[in-house]
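A.B. asks: Okay, handing you the structure first.
The values are calculated or read from the model by the stated rules, or taken from the named source; none is laboratory data. Quick caveat, the model's predicted, so the values are computed rather than measured. All Cβ positions, even for glycine, are placed from backbone atoms using ideal geometry, and neighbour counts span all protein chains on display.
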Amino acid sequence: MTTTHARIDESLVAHLLRRASFGGTTEELSHFSEIEYETAVDELLNARDTMSIPQDIIRRYHVDMSDLRTRPSSSGNWLYHMVNTDAPLVEKVNLFWHRIFATGQTKLIQGKAMTTQLDMFREFGLGKFDELLLQLSKNPAMIMWLDNQDNHKGSINENYGREILELFAMGAGNYTEEDIKECSRAFTGWTVENTDYMALKMRNNTMRPYGYVNWQFKFDPEDHDDGEKIFLGETGNFNGEDVIAIICKQPATAGFVARHLYHYFVADELPVPQWPHFPPLNPEAIKVMTDAYFESGYSIKAMLRALLLSDSFKSEAAWNARVKSPIELVVGTLRLAGGYDGPTHDVYGHIASSSFMGQDIYAPPSVEGWMGGADWISTGSMVQRVNFASDIIGDLDREGIVELVESIRADAGEGASPESLVQASLKHLGNIQVSDQVNEGLAEFASNFENTVRPSNENIASLLQLIVATREFQFV
Amino acid sequence: MATQLKSKVNYVDTIGFGADVGGRGFHIPIDLSIRPDGRIFVANRSPAHRKGIRVGICDINHGWYHEFGSDGNGDGQFTGPTAITHGPDDRVYLADEELNRITVYDPDGEFISKWGEKGSDPGQISGPSGLKFTSRGDLLVVDHLNNRIQRMTADGGYISHFGTSGTGEGEFNLPWGIDTDSIDNIYVADWQNDRIQRFTSDGVFIDAHGSPGTGDHQFNRPSDVAVDQDGFIYVADWLNQRVQVFDGSWNFIKSLRGEATVSPWAQDYLNANADEAEARTRFNSLVEVDQGAPHEVSSKVESYLWDPTAIEIDPEGRLIITDSLRHRLQVYQRSNE
């Protein structure tokens, strides 16, 4: 592994910001280009959110985002965070865990439980994996999602015991069916307060009589199987914490998490169900991360740091090699456009746009989350993607778009050639790299502007609309 | 004098039931107004289910009358209701912070007129969030995005205004609710300054009470204030999820966290849903919860107040609180010991 210590190439910065953020604004690109690459990575990894619109303002003007009952309310609240945050990597990591620990409001009904889970990701998502798994196992949304309230001493329900091994931590092929049973026994008695009533209200899907009561973890010692268990070759009277400790020291766990990180931050891997049968695309990158995992005591941040500093991440082959997920496209576009510094009813439409493109936040299609990759693109979703980005980026009523247009004009310079105008536009949209053919097409478009010496705001906005409709804009 | 009395405030009753698509019940009740005959008019904000936006009329004895208004910008409709009050003419006035207008209804909820123009000039409004008629028949409008209180005629004519943006005396930061006392002193919930400000009837600053925090006398975004006939002051301490009670000299009396019980409307629902009623026999509404922000605690304890937005005093001196995220009203009574 090598590290770049010199002032970094703007294209590499743009790549870093596409993956570790939602793309870079002009200011972000400029800032991160002025510091060393390693410093940039650390800044992104250690950022704390200070700019998100305060929750009290959101709750006052969107009263539905206070109880967060419905999906537009809970996912809209998350969208505010993603668009406004100055700790974007934290939100990217939240999306990462939401995809792996895929939990759905479609079953849980109440969005408050989902946002409580999201808050947990925000706090523990870059921490130690054993702590994250413990929080996940105690998380009421996960308990109800995988029916652990029905996992009783003497009558186990294997849903959670199976998924923590297969989908969350180790991957198929690294444990036995007996391990699943023993794991499930260890999690008996891990439930929520007022279990019966909460489960019934979830099933009946009713806010009556007094709205939803947010769930709270409860350990019921009477319902916990404290007997001896044999799990992954170890014997003892294991409880949930013990099982997690055993899981986290397995090399398979380190490899599984590393492969997920690579899949999300570097390049689309095969679908997860195929992982037991095919080796990782880049074993060297996996090793860098698994080493970091064990050296740091299971730190996700250390793994991600190692990945972002690795040659495999920085390699030009990795640039623009992943299809943007719908939410990445929506958030990235909105961060470019601005307009989210105060409450706006647009939030509901924007979150719906992500849904129309195929990603319904808080409603993954299954426990396996979204497949991603080429699956994001279909005839219908492509139209939605282009229409959304084009509508936003061409909206000169948005202060942010006017500023963007003016920055492009200033950067290109008075009397700039169409080619220069195109280059400035690509740069200010996040340093997008396009093929020569697309470049020529864009320049030809710009050459037809009425006033090529000083193109109007409308002209430049129309050029931006054309750029966000390109194939290249669909990639990160 | 009120300040010399020892008082206690006790829970009395719970009115209401969650009804997010209309009908008997409430959905995110944001404000209420009590007619002299005791009928309670409840404005429901309900943005996620637009059918829930309406005014429902009930009484203290759980009687249900009817509802009026709906989502939209036509005559009699509203999209962002914030405040409702009765005028001396027995008409109903409803403020809409999104449409920047006041709509006037007859006592049955039939549309009469609407007025209001968005802006910051005198007489224009931006985000009306509180309404209160003075004893002289003037309408005080909390013009919250302009950080001022405007005195208007009942048909929208401009009379005067006071207040500006800031944190000093007589300055506001996104004020919300408003009330007057028996001598027409004006009380304003200065929301983002975490305090209540008191003014003379002419808008001259008297005093301010409160500071940011969670202790007694401290507030976290107070949303409303009410004053009873003896001068006792009730503050909806919104993000602290409680109502604080003071005497007229700001001596602390009590903090109300919420004690809601199953209302008759809620019981009707449970009677019709045997499985829920049965499961509810094992339901602990006062479950001990992990420490956390009051908003989080309220989300887990059904009987607590959750986003109390408004307070009114009924003709019998009862305190009625909109427990907005629980879609009900909690009723308390102050009495002298």
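A.B. asks: Would you call A:Leu309 more than 18 Å from the chain's Cα centre (by Cα), outside the structural domain of A:Val468 (by TED's automatic domain parsing) and closer than 22 Å to A:Leu126 by Cα? Talk me through it step by step, then tell me what you get.
C.D. replies: On the way: more than 18 Å from the chain's Cα centre (by Cα): yes; outside the structural domain of A:Val468 (by TED's automatic domain parsing): yes; closer than 22 Å to A:Leu126 by Cα: yes.
Answer is yes for this residue.
A.B. asks: Among the numbered conditions (1) farther than 26 Å from A:Asn77 by Cα; (2) modelled with pLDDT under 95, tell me where A:Trp370 comes up short.
C.D. replies: So the condition that A:Trp370 fails would be (1).
Residues are listed down the side, and each one gets a yes or a no for (1) within 18 Å of A:Asp147 (Cα to Cα); (2) without any contact (Cβ under 8 Å) to a residue 24 or more places away in the chain; (3) of a type in the set (D, E, K, R):
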{"residue": "A:Ile164", "(1), (2), (3)": "yes, no, no"}
{"residue": "A:Ala169", "(1), (2), (3)": "no, no, no"}
{"residue": "A:Thr195", "(1), (2), (3)": "yes, no, no"}
{"residue": "A:Met202", "(1), (2), (3)": "yes, no, no"}
{"residue": "A:Arg208", "(1), (2), (3)": "no, yes, yes"}
{"residue": "A:Gln216", "(1), (2), (3)": "yes, no, no"}
{"residue": "A:Asp226", "(1), (2), (3)": "no, yes, yes"}
{"residue": "A:Ile230", "(1), (2), (3)": "no, no, no"}
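A.B. asks: So if I check each of A:Asp64, A:Asp56, which one is free of Cβ contacts under 8 Å to residues at least 24 places away in the same chain and surrounded by 18 or more Cβ atoms within 10 Å (Cβ to Cβ)?
C.D. replies: Checking each option against the conditions leaves just A:Asp64.
A.B. asks: Within region B:167-185, track down each residue that is under 18 Å from B:Asn146 (Cα atoms) and away from every other protein chain (no Cβ under 14 Å).
C.D. replies: Our first condition is that a residue be under 18 Å from B:Asn146 (Cα atoms); within region B:167-185, this holds for B:167-178.
Matches in region B:167-185: B:Thr167, B:Gly168, B:Glu169, B:Gly170, B:Glu171, B:Phe172, B:Ile178.
A.B. asks: Looking at B:Arg334 and the list (1) within 12 Å of chain A (Cβ to nearest Cβ); (2) within 21 Å of the chain's Cα centre (by Cα); (3) over 16 Å from B:Pro29 (Cβ atoms); (4) not β-branched (Val, Ile, Thr), which single condition is not satisfied?
C.D. replies: The single condition B:Arg334 does not satisfy is (1).
A.B. asks: Now for a different question. Looking only at helices (runs of 4 or more DSSP H) that fall completely inside region A:344-427, which ones have 3 or more residues that are of a type outside the set (Gly, Ala, Ser), surrounded by 15 or more Cβ atoms within 10 Å (Cβ to Cβ) and more than 29 Å from the chain's Cα centre (by Cα)? Show your work before the answer.
C.D. replies: Working: elements: A:346-356, A:379-393, A:399-412.
Where helices (runs of 4 or more DSSP H) fall fully within region A:344-427 and carry at least 3 residues being of a type outside the set (Gly, Ala, Ser), surrounded by 15 or more Cβ atoms within 10 Å (Cβ to Cβ) and more than 29 Å from the chain's Cα centre (by Cα), they are A:399-412.
A.B. asks: Continuing with the same structure: Go through (1) in contact with an Asp or Glu (Cβ under 6 Å, 6 or more places away or on another chain); (2) within 14 Å of B:Ile183 (Cα to Cα); (3) in a strand (DSSP E or B) and name the single condition B:Ile206 misses.
C.D. replies: Going through (1) in contact with an Asp or Glu (Cβ under 6 Å, 6 or more places away or on another chain); (2) within 14 Å of B:Ile183 (Cα to Cα); (3) in a strand (DSSP E or B) one by one, B:Ile206 breaks only (1).
A.B. asks: What number of residues within region B:315-334 satisfy the criterion of being at pLDDT 95 or above, outside any strand (DSSP E or B) and not polar (S, T, N, Q)?
C.D. replies: Count: 3.
A.B. asks: Output the qualifying pairs, or none if there are none: Cβ atoms under 9 angstrom, residues six or more apart or on different chains, first residue in region B:115-136 and on the phi > 0 side of the Ramachandran plot, second residue of a type in the set (Val, Ile, Thr) and surrounded by 15 or more Cβ atoms within 10 Å (Cβ to Cβ).
C.D. replies: B:Gly116/B:Ile102; B:Gly116/B:Thr103; B:Gly116/B:Ile125; B:Gly116/B:Val141; B:Gly119/B:Ile125; B:Gly127/B:Thr82; B:Gly127/B:Val142
A.B. asks: Then there is this: Tally the residues that are part of a loop (DSSP other than H, G, I, E, B) and either touching a strand residue (DSSP E or B) at 6+ places or on another chain (Cβ under 9 Å) or within 8 Å of chain A (Cβ to nearest Cβ) (or both), restricting the search to region B:286-299. Let's see the steps before the verdict.
C.D. replies: First, pick out the residues of region B:286-299 that are part of a loop (DSSP other than H, G, I, E, B): B:286-293.
Next, only the ones that are either touching a strand residue (DSSP E or B) at 6+ places or on another chain (Cβ under 9 Å) or within 8 Å of chain A (Cβ to nearest Cβ) (or both) stay: B:287, B:289-290.
Residues in region B:286-299 being part of a loop (DSSP other than H, G, I, E, B) and either touching a strand residue (DSSP E or B) at 6+ places or on another chain (Cβ under 9 Å) or within 8 Å of chain A (Cβ to nearest Cβ) (or both): 3 in total.
A.B. asks: Then there is this: Just the residues that are within 14 Å of chain A (Cβ to nearest Cβ) and part of a loop (DSSP other than H, G, I, E, B), please, taken from region B:186-203.
C.D. replies: B:Asp194
A.B. asks: Out of the residues in region A:200-219 meeting the condition of being at the interface with another protein chain (Cβ under 8 Å from one of its Cβ atoms) and charged (D, E, K, R), tell me which one is surrounded by the most Cβ atoms within 10 Å (Cβ to Cβ).
C.D. replies: A:Lys201
A.B. asks: Can you tell me how many residues in region A:27-83 are away from chain B (no Cβ under 14 Å) and not basic (Lys, Arg)? So that I can check it myself, show each step before the final result.
C.D. replies: Initial filter on region A:27-83 (away from chain B (no Cβ under 14 Å)): A:27-52, A:78-83.
With not basic (Lys, Arg) added as a condition, the list becomes A:27-47, A:49-52, A:78-83.
Count: 31.
A.B. asks: Could you please give the count of residues in region B:150-169 that are touching a Ser or Thr at 6+ places or on another chain (Cβ under 8 Å) and surrounded by 18 or more Cβ atoms within 10 Å (Cβ to Cβ)? Give the steps one after another, and end with the answer.
C.D. replies: Looking only at region B:150-169, we keep the residues that are touching a Ser or Thr at 6+ places or on another chain (Cβ under 8 Å), and these are B:150-151, B:155, B:159.
Going one step further and asking which of them are surrounded by 18 or more Cβ atoms within 10 Å (Cβ to Cβ), we end up with B:150-151.
Residues that pass the stated criteria total 2.
A.B. asks: Now for a separate question. If I ask for residues that are among the aliphatic types (A, V, I, L, M) and over 17 Å from the mean Cα position of the chain (by Cα), which ones from region A:42-89 would you list?
C.D. replies: First, the residues of region A:42-89 that are among the aliphatic types (A, V, I, L, M): A:44-45, A:47, A:51, A:53, A:57-58, A:63, A:65, A:68, A:79, A:82-83, A:87, A:89.
Across region A:42-89, the qualifying residues are A:Met51, A:Ile53, A:Ile57, A:Ile58, A:Val63, A:Met65, A:Leu68.
A.B. asks: Still on this structure, I have one more. Looking only at region A:241-293, which residues are farther than 24 Å from A:Thr176 by Cβ and of a type in the set (Phe, Trp, Tyr)?
C.D. replies: Answer for region A:241-293, where residues must be farther than 24 Å from A:Thr176 by Cβ and of a type in the set (Phe, Trp, Tyr): A:Tyr262, A:Tyr264, A:Phe265.
A.B. asks: In addition: Name the residues in region A:243-301 that are farther than 19 Å from A:Asn94 by Cβ, among the small types (Gly, Ala, Ser) and not in a helix (DSSP H, G or I), would you?
C.D. replies: Across region A:243-301, the qualifying residues are A:Ala267, A:Ser296, A:Gly297.
A.B. asks: Checking B:Asn271 against (1) in a loop (DSSP other than H, G, I, E, B); (2) more than 25 Å from the chain's Cα centre (by Cα); (3) more than 10 Å from chain A (Cβ to nearest Cβ), which test does it fail?
C.D. replies: With (1) in a loop (DSSP other than H, G, I, E, B); (2) more than 25 Å from the chain's Cα centre (by Cα); (3) more than 10 Å from chain A (Cβ to nearest Cβ) applied to B:Asn271, the lone miss is (1).
A.B. asks: Quick check: anything in region A:464-476 part of a loop (DSSP other than H, G, I, E, B) and over 21 Å from A:Glu316 (Cβ atoms)? Give the derivation first.
C.D. replies: Step one: of region A:464-476, the residues part of a loop (DSSP other than H, G, I, E, B) are A:469-471, A:476.
Then keep just the ones that are over 21 Å from A:Glu316 (Cβ atoms); that gives A:469.
Within region A:464-476 (the criterion being part of a loop (DSSP other than H, G, I, E, B) and over 21 Å from A:Glu316 (Cβ atoms)), the answer is yes, since at least one residue qualifies.
A.B. asks: Right, another one. When region B:21-50 is examined, which residues are found to be more than 11 Å from chain A (Cβ to nearest Cβ), outside any loop (DSSP other than H, G, I, E, B) and in contact with a Pro (Cβ under 9 Å, 6 or more places away or on another chain)?
C.D. replies: Once the filter is applied, which keeps residues that are more than 11 Å from chain A (Cβ to nearest Cβ), outside any loop (DSSP other than H, G, I, E, B) and in contact with a Pro (Cβ under 9 Å, 6 or more places away or on another chain), region B:21-50 yields B:Asp31, B:Ile34, B:Val42, B:Ala43.
A.B. asks: Considering only region A:158-240, give the helices (runs of 4 or more DSSP H) lying wholly within it that have at least 2 residues that are assigned by TED's automatic domain parsing to the domain that holds A:Tyr293 and closer than 30 Å to B:Tyr304 by Cβ. Please lay out each step first, then the result.
C.D. replies: Numbers: elements: A:159-163, A:177-186, A:195-204.
The qualifying helices (runs of 4 or more DSSP H) are A:195-204.
A.B. asks: Which of the residues that make up region B:238-268 are over 14 Å from B:Val9 (Cβ atoms), outside any helix (DSSP H, G or I) and more than 9 Å from chain A (Cβ to nearest Cβ)?
C.D. replies: Looking only at region B:238-268, we keep the residues that are over 14 Å from B:Val9 (Cβ atoms), and these are B:238-241, B:248-250, B:260-268.
Cutting the leftovers down to outside any helix (DSSP H, G or I) gives us B:241, B:248-250, B:260-263.
Correct list: B:Gln241, B:Gly248, B:Ser249, B:Trp250, B:Thr261.
A.B. asks: Sticking with this one: From the residues in region A:349-367 that are modelled with pLDDT of 95 or more and among the hydroxyl-bearing types (Ser, Thr, Tyr), which one is farthest from A:Leu270 (Cα to Cα)?
C.D. replies: Of everything passing the filter in region A:349-367, A:Ser353 is farthest from A:Leu270 (Cα to Cα).
A.B. asks: Specify the residue that is farthest from the other protein chains (Cβ to nearest Cβ); the eligible residues are those in region B:274-285 that are loosely packed, with under 14 Cβ neighbours inside 10 Å and in a loop (DSSP other than H, G, I, E, B).
C.D. replies: Ranking the qualifying residues of region B:274-285, first place goes to B:Thr281.
A.B. asks: So B:Ile15 ticks every box in (1) within 13 Å of chain A (Cβ to nearest Cβ); (2) farther than 25 Å from B:Pro315 by Cα; (3) under 19 Å from the mean Cα position of the chain (by Cα) but one. Which box is left unticked?
C.D. replies: (2)
A.B. asks: Could I ask something else about it? Restricting to region A:153-199, what's the tally of residues that are more than 18 Å from A:Thr103 (Cα to Cα), surrounded by fewer than 18 Cβ atoms within 10 Å (Cβ to Cβ) and away from every other protein chain (no Cβ under 14 Å)?
C.D. replies: Residues meeting the conditions: 9.
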